[in-house]
Amino acid sequence: TKVDVGNDGTATITYPDTTTDTIPGGDLVRPETDAEKITPNIPATKVPVADTSKLTDTEKGEVKKNVEE
C-alpha cells in the first residue's frame, strides 16, 4: 500500500491491486490558528493589586502593558 499526499493535504492511497482511494485534504488537515502560532508573553513580574477579584482600571492597564511588552 502506498500513500501520496498532495500540496493541499489530499491523500491518495494506492493498494497492491492498483485500486485507489482518495481522502480530501479538508478531512486531514486544518489551518493553524493564531493562538497556535503565537506564544503569549507571561510577564516575569506580577502586578500587585488590592483585590484580585476586582481589579481597578489602573491595575488592568498595568497588567495589559506587561502582557503586551
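Miscellaneous remarks
- Taking the charge dipole of the chain about its Cα centre, with +1 at Lys and Arg Cβ atoms and -1 at Asp and Glu Cβ atoms, the residue from T56, A35, T12 reaching farthest to the positive side is T56.
- Taking the chain and dividing mean pair separation by its residue count, relative contact order in percent (alpha carbons under 8 Å, at least six apart): 20
- Prolate/oblate/rounded call for the chain, Cα gyration tensor, a/c under 1.5 rounded: prolate
- Distance between modelled label sites at K60 and D21, nm, 7 Å Cα→Cβ extension: 5.3
- In degrees, nearest ten, helix 57-68 long axis to first principal axis of the chain (Cα): 40
- In the chain, lysine pairs with alpha-carbon atoms under 21 angstrom apart (chain gap of 8 or more, or interchain): 7
- Counting only Cβ charges, +1 for Lys and Arg and -1 for Asp and Glu, the dipole size of the chain around its Cα centre is about 320 debye.
No value in this document is a laboratory result; all are computed from the given coordinates. Being a predicted model, the structure only gives us computed values, none of them experimental. Methodologically, a virtual Cβ is constructed for each residue, glycine included, from the backbone with ideal geometry; neighbour enumeration extends over all protein chains shown.
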